[in-house]
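The structure appears below as structure tokens.
What follows is calculated from the coordinates using simple rules that are stated; it is not laboratory data. If you're wondering where the values come from, they're calculated on a predicted model, not measured in any experiment. All Cβ positions, even for glycine, are placed from backbone atoms using ideal geometry, and neighbour counts span all protein chains on display.
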């Protein structure tokens with residue numbers, strides 16, 4: 001994830017991400033991955049999220065966030081060790097919140 005704070009009075013962004021609608025699939029009972037997207041978090045106005053857009057206007061102090069997809073999982077989540085999950089958190093592959101959601105049994109003992 002990359003965040004860009006807009007410092008000029010106006011800016012524009014165009015994006016074209018693949019895998020913006022259909023996430024990468026999991027293999028051998030693994031969970032699907034996430035999609036690529038851009039998000040405009042406006043100082044004044046609604047937040048917009050999109051994978052493809054042309055010349056979206058940004059104002060000073062708006063935040064442009066680019067989020068890269070992660071791949072699908074390999075194997076059942078229940079089979080993943082707590083040590084491997086903790087390594088994923090440490091390496092910023094997943095957040096603690098995601099670990100609790102996808103690995104509730106392992107995280108209950110952490």
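Inter-label distance, residue 27 to residue 10: 4.8 nm, where each label sits 7 Å from its Cα along the C-beta direction.
Extension gain, residue 19 to residue 86, is 21.4 nm, computed as 0.36 nm per intervening residue step minus the present C-alpha separation. Extension gain for the segment residue 53 to residue 109, taken as residue separation times 0.36 nm less the Cα-Cα distance, is 15.8 nm to one decimal. In the chain, the calculated helix contribution to ellipticity at 222 nm averages -4500 deg cm²/dmol per residue, counting -39,500 (n - 2.57) for every DSSP H run with n ≥ 4.
Hey, what did the range 31-79 get for relative contact order, percent, Cα under 8 Å, at least 6 apart?
Averaging sequence separation for qualifying contacts and normalising by length gives 52 percent for the range 31-79.
For the pair residue 1 and residue 97 in one chain, pulling the backbone fully straight at 0.36 nm per residue adds 33.0 nm over the alpha carbon distance. Normalised by the number of residues in the range 1-73, the mean separation of alpha-carbon contacts (under 8 Å, six or more apart) gives a relative contact order of 47 percent.
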